[in-house]
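**Student:** Provided herewith is a single structure, encoded as structure tokens, for subsequent inquiry.
Computed from the coordinates by the stated procedures, all read-outs in this text should not be read as laboratory data. Please read these numbers as outputs of a predicted model, since none were measured by experiment. With ideal geometry, Cβ positions are generated from the backbone for all residues, glycine too; neighbour counts draw on all protein chains shown.
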Amino acid sequence: MNVSNNYKKIILIVSMISMAGVTFGITMPLSTLTLKSWGISSTMIGLNSAMPALSAVLTTPFMPKFINYWGQKNVIRFCLVLVATCCICLPLFPDLFSWFILRFLLGAGGTGIWLLSEVWINGFAEDHNRGKIIGAYSALLSLGFIVGVLMFSVIGVESNTAFYLAAGFVLIAAIPVWTMSDLPTNEMAEDISMWNHMVLSPGLMGSSWMMGFLYAATAYLLPIFALQFDLNYAQSSRTIAWLGSGELAMPLFVGWFADKIDKRKLMIFIALVTIATLSIMPFVFAAPFMRLGILFVLGGAIMSFYSLGLTILGQKFKGSLLASANASFIFFLCLGEIIGPPVIGTAMDLFGTFAFGWSMALFTLIYLVIFISTGSRTEMQSS
């Protein structure tokens, strides 16, 4: 194995995914605020915003067969061009029905990009450095999202510039795929269903579900929770940025530790930190310094569920099984993203705004019990 050549490939793939992250960092707030400027109801905006995750849930089970038929390089090239095309078409078809279709297609393209890039990175990484590489991948993906959001905050919704800029970044992301000549071409296993993966590895697949559940719930509902502490709308919206800073920094440290210590114990520690952070949030959120610290730790812990889970995935599954397992991993991530906001939102309606943190802590505790009680150590053994 040419280690130096593998590192070059990993750098190119991570560069690609960072550029794609900028695209999605632009389009997520851009789409929501553009619909708001049209006078669309919050309910319809919420449904439209769910289209990418719904698309991922519906298309992921078919991805291995699709990739086997067309080839990995052809599929990721198609997905990159599809995302760029959708970004260009959004301002050209300014009606709600078209945007439901376009954002569904945008989600399908994003699913193919994340799936194949993660399979390639895990395939090129080795067990002794897998944690650090996945941690860097997660951090740079988060950086791409943050850069995209900041770029959008400067451009705004007054013109169509942001849509075309988003398309440009994903086309730049396509350059490494066209220049790399020796990307993996092996077929993907098609005979293991998503639910079989959950039955066989509930702790592992559950880590992805937890990330999606907690990430989506905090992204949509944290500003509402923050308003209860006399923050204005601008201040409450900036709480998301502090979550993002933790998502950028902490996976690097978790990745380093993942290569040094028992990954099972590290996952338990992350879950305990998440539970503790969410449980004390209502009591310390009013203090600005404590608020920033809590959000930084929480954002990092949420992202670490995914980055550590992805590291374990690459250690456990090899060859043709890796891609189908990665597809299941993304499936449960997006399923969590769909379920999280309405469940936590309902808890806040029933039990008050402070249920925001406590209800998520309860779900994390349930996951921790499942992780410990279902033989999590055997889940991490290579297939």
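**Student:** With label points built 7 Å along Cα→Cβ from the Cα atoms of SER37 and ASP127, find their separation and express it in nm.
**Tutor:** Rounded to a tenth, the inter-label distance reads 5.3 nm.
**Student:** Quick check on packing: order 287-294, 205-212, 141-148 by the mean number of other C-beta atoms within 10 Å, highest mean leading.
**Tutor:** 205-212, 141-148, 287-294
**Student:** Here's a follow-up. Normalised by the number of residues in the chain, what is the relative contact order in percent for Cα pairs under 8 Å and 6+ residues apart?
**Tutor:** This gives 26 percent for the chain.
**Student:** List TYR69, TYR220, TYR367, TYR306 from most exposed to least, where exposure is judged by having the fewest other Cβ atoms within 10 Å.
**Tutor:** In increasing order of surrounding Cβ atoms, one gets TYR69, TYR220, TYR367, TYR306.
**Student:** Bin width 5 Å, origin at 0, all Cα-Cα pairs of segment 78-156: what percent of pairs per bin?
**Tutor:** 3, 13, 15, 19, 20, 13, 8, 5, 3, 1, 0
**Student:** Long-range amide H contacts for PHE317: which residues qualify at under 5 Å (H placed 1.01 Å from N, peptide plane, sequence gap of 5 or more or a different chain)?
**Tutor:** Amide H neighbours of PHE317: SER383.
**Student:** Go through LYS73/LYS316; LYS65/LYS132; LYS260/LYS316 and tell me which ones have a Cα-Cα distance over 20 Å in this structure.
**Tutor:** Result: LYS73/LYS316; LYS65/LYS132 exceed 20 Å.
**Student:** Over what distance in Å are the Cα centres of segment 86-127 and segment 11-51 separated?
**Tutor:** 11
**Student:** Here's another thing I want to ask about it. Give the order of LEU298, LEU58 when sorted by the count of other beta carbons within 10 angstrom, beginning with the fewest.
**Tutor:** LEU58, LEU298
**Student:** Can you give the direction-averaged projected area of the convex hull of the alpha-carbon atoms in segment 225-310, in nm²?
**Tutor:** Computed as one quarter of the Cα hull surface, the answer is 5.5 nm².
**Student:** Please compute, over every Cα-Cα pair in the chain, the percentage with a separation greater than 37 angstrom.
**Tutor:** 16
**Student:** Can you compute the charge dipole magnitude of segment 46-133 about its Cα centre, using +1 on each Lys and Arg Cβ and -1 on each Asp and Glu Cβ, nothing else charged? Give it in debye, rounded to the nearest 20.
**Tutor:** Dipole size: approximately 120 debye.
**Student:** What is the magnitude of the charge dipole of the chain about its Cα centre, with +1 placed on the Cβ of each Lys and Arg, -1 on the Cβ of each Asp and Glu, and no other charges, expressed in debye to the nearest 20?
**Tutor:** 480
**Student:** Can you give the Kirkwood hydrodynamic radius for segment 1-188, in Å, rounded to one decimal and based on Cα pairs?
**Tutor:** 17.1
**Student:** Test of understanding: what is the full-extension gain from ASP262 to SER159, defined as 0.36 nm times their sequence separation minus their Cα-Cα distance?
**Tutor:** Using 0.36 nm per residue and subtracting the Cα-Cα distance, I get 32.0 nm.
**Student:** Okay, next question. Treating only the Cβ atoms of Lys and Arg (+1) and Asp and Glu (-1) as charged, compute the dipole magnitude of segment 189-383 about its Cα centre; round to the nearest 20 debye.
**Tutor:** 440
**Student:** Something else: Please list the helices of the chain that count as membrane-span-like by this rule: a mean Kyte-Doolittle hydropathy of at least -1.0 together with Cα atoms stretching 15 Å or more along the helix axis, each helix being a complete DSSP H run.
**Tutor:** Qualifying helices, which must be both long enough and hydrophobic enough, are 3-37, 72-92, 96-124, 130-155, 161-173, 202-226, 233-258, 263-284, 288-316, 320-351, 355-373.
**Student:** Which one, PHE305, VAL369, ILE268, is farthest towards the positive end of the dipole of segment 189-383 when Lys and Arg carry +1 and Asp and Glu -1 on their Cβ?
**Tutor:** Of the candidates, ILE268 comes out farthest on the positive side.
**Student:** Now a separate question. Test of understanding: ordering TRP99, TRP178 by Cβ neighbours within 10 Å, fewest first, what list do you get?
**Tutor:** If I rank by nearby Cβ atoms, fewest first, I get TRP178, TRP99.
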